[in-house]
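Notes follow the structure.
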Amino acid sequence: MPPRKKEYGIKRASGSLVHFRPPVSATTARRHSAVVPSVLTFAVIVASGGLLLMIEKGMLNSVQTPPPRANGKKVEYRMRNSDAAADVESQIVQEIRNRTIRSMCGQKNSPHSVWSLSPLQRKTLLQHILVNDEHRFLYCYVPKVACSNWKRVLKVMSGALANVDVKVKMDHRSDLLFLSDFSPEEIRHRLRHYFKFMFVREPMARLLSAYRNKFGEIEAYQRKYGAEIIRRYRKGYAKDKKIAGNDVTFTEFVRYLLDEDPERMNEHWMPIYNLCQPCAIEYDFIGSYESLESDAAYVLERVGAPQHIRFPERQTWYKPVTKETLHYYLCTVPQKFLKEILPKYILDFSLFGYPLPNTTTEYCRH
């Protein structure tokens with residue numbers, strides 16, 4: 001075996017080591033000092049903005065701030081050959097996200113294990129965690145957060161696919177192993193000993209991505225959900241049996257979500273919190289869709305994926321949700337509906353460090 005590289009870092013009170021890249025040049029060091037305050041300022045804004053509604057609803061009354069590393073567990077950080085300032089920023093974002101989750105999940109009424117969840121919650125969770133026994137990792141997949149590409153990676157790692165670029169329609173069940181396939185004792189063993197990760201995305205961008213994909217491109221969703229949404233929320237269509245369901249407006253979709261139980265939603269718009277239960281499972285790494293390329297590269301390195309396996313590039317036909325696109329769609333929705341939909345996804349905003357969107361009338365004029 002080649003000698004281990006020297007580790008650089010600082011010891012925390014808990015005994016864990018926060019990793020950094022090896023020493024860098026003076027120029028890079030100056031960039032570090034510039035980026036840290038800006039990231040911390042951003043973090044304060046994110047945390048305060050995301051938690052406002054929770055404070056208003058009295059949901060934080062029983063929260064006690066834990067010590068820097070409440071469970072003594074080392075938090076994984078990205079270490080890759082890239083911009084050193086970006087590495088520092090990534091570490092800070094991960095640290096803030098970790099502390100926020102520990103604080104929020106410290107509430108007495110929060111689930112603290114898979115077995116403290118309700119049967120429905122546990123079923124949903126276990127059906128969304130993919131297993132790779134050879135490399136000893138668990139991945140909680142979230143629809144509309146690059147999960148199809150992650151499933152491709154898992155299939156290549158298991159030998160079911162030759163490579164990630166094979167042109168084949170993705171089968172989201174075959175050749176994949178789910179945590180729900182195991183016995184309770186086998187589940188406990190894997191949760192205790194395997195590397196666990198998930199990926200998150202800005203909640204409203206994820207909803208818009210699901211809306212444009214399912215109601216703009218997938219006929220089965222148009223027939224099953226689109227037609228029903230139009231009958232419910234479009235005047236004069238309540239008894240129309242011949243609705244195609246392919247022209248659902250984003251406002252109608254939002255109104256539909258307002259009337260749905262988050263625990264029984266379709267997985268493509270179910271809150272990430274309900275899908276992956278970050279209070280019940282201690283994830284070792286929570287990556288972001290917004291930094292997908294570098295976060296995915298870190299995970300592949302961390303789980304020991306073979307060198308020839310890389311994370312797939314986005315398909316050429318993929319239509320990204322830009323800030324401008326999201327701004328346009330959110331501003332088409334009446335204010336009262338937006339104010340009601342945000343609390344439904346407030347845990348996704350708060351736990352994963354996303355600021356609440358600005359949907360004021362003044363902002364929407366621009």
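Here are some notes:
- Qualifying residue in segment 93-113 (condition: under 28 Å from P306 (Cα atoms), open to solvent by less than 50 Å² (accessible area, probe 1.4 Å), at pLDDT 80 or above and not in a helix (DSSP H, G or I)): no
- Hey, V142 outside any helix (DSSP H, G or I), among the β-branched types (V, I, T) and open to solvent by less than 50 Å² (accessible area, probe 1.4 Å) or not: yes
- Looking only at residues of segment 114-139 that are among the β-branched types (V, I, T) and part of a helix (DSSP H, G or I), we find that the one that is least open to solvent (accessible area, probe 1.4 Å) is V114.
- Failed item, numbered, when K336 is tested on (1) under 18 Å from H268 (Cα atoms); (2) out of contact with any Ser or Thr (no Cβ under 9 Å at 6 or more places or on another chain); (3) of a type in the set (K, R): (1)
- Segment 231-287, subset touching a Ser or Thr at 6+ places or on another chain (Cβ under 9 Å) and among the hydroxyl-bearing types (S, T, Y), residue farthest from L300 (Cα to Cα): Y233
- Scanning segment 312-366 for residues that are among the aromatic types (F, W, Y), more than 19 Å from Y256 (Cβ to Cβ) and at pLDDT 90 or above turns up Y328, F349, F352, Y354.
- Residue match in segment 271-293 (condition: free of Cβ contacts under 8 Å to residues at least 12 places away in the same chain, under 16 Å from A205 (Cβ atoms) and either under 13 Å from the mean Cα position of the chain (by Cα) or open to solvent by 50 Å² or more (accessible area, probe 1.4 Å) (or both)): no
- Taken over segment 218-243, the residue count meeting the criterion of being hydrophobic (A, V, I, L, M, F, W, C), over 26 Å from the mean Cα position of the chain (by Cα) and not in a helix (DSSP H, G or I) is 2.
- Subset of segment 314-334 (residues that are open to solvent by less than 50 Å² (accessible area, probe 1.4 Å), among the hydrophobic types (A, V, I, L, M, F, W, C) and either on the phi > 0 side of the Ramachandran plot or out of contact with any Leu (no Cβ under 8 Å at 6 or more places or on another chain) (or both)): C331, V333
- For segment 251-295, taking the residues that are in contact with a Leu (Cβ under 7 Å, 6 or more places away or on another chain) and of a type in the set (F, W, Y), the one that is farthest from V114 (Cα to Cα) is identified as W269.
- Just one of the numbered conditions (1) among the aliphatic types (A, V, I, L, M); (2) surrounded by fewer than 20 Cβ atoms within 10 Å (Cβ to Cβ); (3) touching a Leu at 6+ places or on another chain (Cβ under 8 Å) is not true of A238: (3).
- Screening D295 on (1) under 28 Å from R152 (Cβ atoms); (2) among the acidic types (D, E); (3) not in a helix (DSSP H, G or I) shows it passes everything except condition (3).
- Within segment 171-217, restricting attention to residues that are within 17 Å of T322 (Cα to Cα) and outside any helix (DSSP H, G or I), the residue that is most open to solvent (accessible area, probe 1.4 Å) is E202.
- Qualifying residue in segment 152-172 (condition: touching a Lys or Arg at 6+ places or on another chain (Cβ under 8 Å), farther than 17 Å from F311 by Cβ, of a type outside the set (G, A, S) and free of Cβ contacts under 8 Å to residues at least 60 places away in the same chain): yes
- Single match in F311, F337, F352 (criterion: open to solvent by less than 70 Å² (accessible area, probe 1.4 Å), in contact with a strand residue (DSSP E or B) (Cβ under 7 Å, 6 or more places away or on another chain) and in contact (Cβ under 8 Å) with a residue 60 or more places away in the chain): F352
- V168 being modelled with pLDDT under 95, surrounded by fewer than 14 Cβ atoms within 10 Å (Cβ to Cβ), of a type outside the set (S, T, Y) and on the phi < 0 side of the Ramachandran plot: yes
- In segment 244-269, the residues that are more than 20 Å from the chain's Cα centre (by Cα) and open to solvent by 50 Å² or more (accessible area, probe 1.4 Å): A244, N246, D247, T249, R255, D259
The values are calculated or read from the model by the stated rules, or taken from the named source; none is laboratory data. Nothing here was measured: the structure is a model prediction, and the numbers come from that model. Cβ atoms come from the backbone with ideal geometry, glycine included; neighbour counts cover every protein chain shown. Only protein heavy atoms, including side chains, enter the accessible area calculation; ligands, DNA and RNA are left aside. Shrake-Rupley method; radii C 1.70, N 1.55, O 1.52, S 1.80 Å.
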